[in-house]
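Quick notes on the structure that follows.
Values in this text are rule-based calculations from the coordinates and carry no lab data. Bear in mind the structure is a predicted one, so any value in this text is a computation, not a measurement. As a convention, Cβ positions derive from the backbone with ideal geometry for all residues, glycine included, and neighbour counts pool all protein chains shown.
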Amino acid sequence: MPKIKICGLTRPRDAQAAAELGADAVGLVFYAKSKRCVDAAQAAEIVATLPPEVAKVALFVNESAEQIRRILGAVPIDVLQFHGDEAPEFCRQFGKPYWKALRVQSAQDIAEAAERYADAAALLLDAHIEGQYGGTGQVFDWRLLPATMPLPWILSGGLHPGNVAAAVRQTGAAWLDVSSGVEQAPGIKSRDLMADFIRQARG
């Protein structure tokens, strides 16, 4: 049964609903250019509503180490997710497990990233849209996924209740990451869509 991360939460009530519905992780976006960006105070309020078994993931894009440390000092975070051009040395300096996002263009991209970020807790595989760091709602070609992966990996990019069952069947993904596919507006999640997504994913 795949694990599920609901990303881009901006309201405590949505985080609470995600947890009640069976999400395994929630994602908080600390990227000023994102429509789903939260500050440390908002993030702390969201995290306070979550049970300990739900992983709290902080998403950064080419952020400074100082700012990441400030966020970690203010919000209890379990996993760091890096969506920019961060080097492995940068990602591993915070003493937390990290997921490295990759905007997939080819099978070779995946192999190279798995080698370069060998100490990542997982690779998060997302669609490549020029000039955008995720959150595009676009699907990449799942046929690019290698038969075996040296690292745990997370399927992301354009997932929604209508395609997630097929995604699980085709890719065998152990982890799924969804954001815009369960929203009524950017950053505002729909309880019904989250419930439907989780039901279809685990059908």
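For the chain, the Cβ-based charge dipole about the Cα centre amounts to some 400 debye (Lys, Arg positive; Asp, Glu negative; other atoms uncharged). Students often get this wrong: which residues of the range 1-32 have the backbone nitrogen under 19 Å from the point 7 angstrom along Cα-to-C-beta of GLU53? Residues 1-6, 15-27 fall inside that zone.
Name the lysines eligible as straight-distance cross-link partners of LYS189: C-alpha to C-alpha under 17 Å, and not fewer than 8 places from it in the same chain. Result set, ordered by chain and number: LYS5, LYS35, LYS56. For the range 39-123, GluC sites (Glu not before Pro) are listed when DSSP marks them as loop and at most 15 other Cβ atoms sit within 10 Å of their Cβ; the list is GLU53. So what is Rg over Rh here for the chain, counting just Cα atoms and using Kirkwood for Rh? My calculation of the ratio gives 0.93.
Between amide H atoms placed 1.01 Å from N, distances below 5 Å from TRP175 occur with LYS3, LEU155, all of them 5 or more places distant or on a separate chain. Across the range 39-120, counting alpha-carbon atoms alone, Rg and Dmax equal 13.8, 41 Å.
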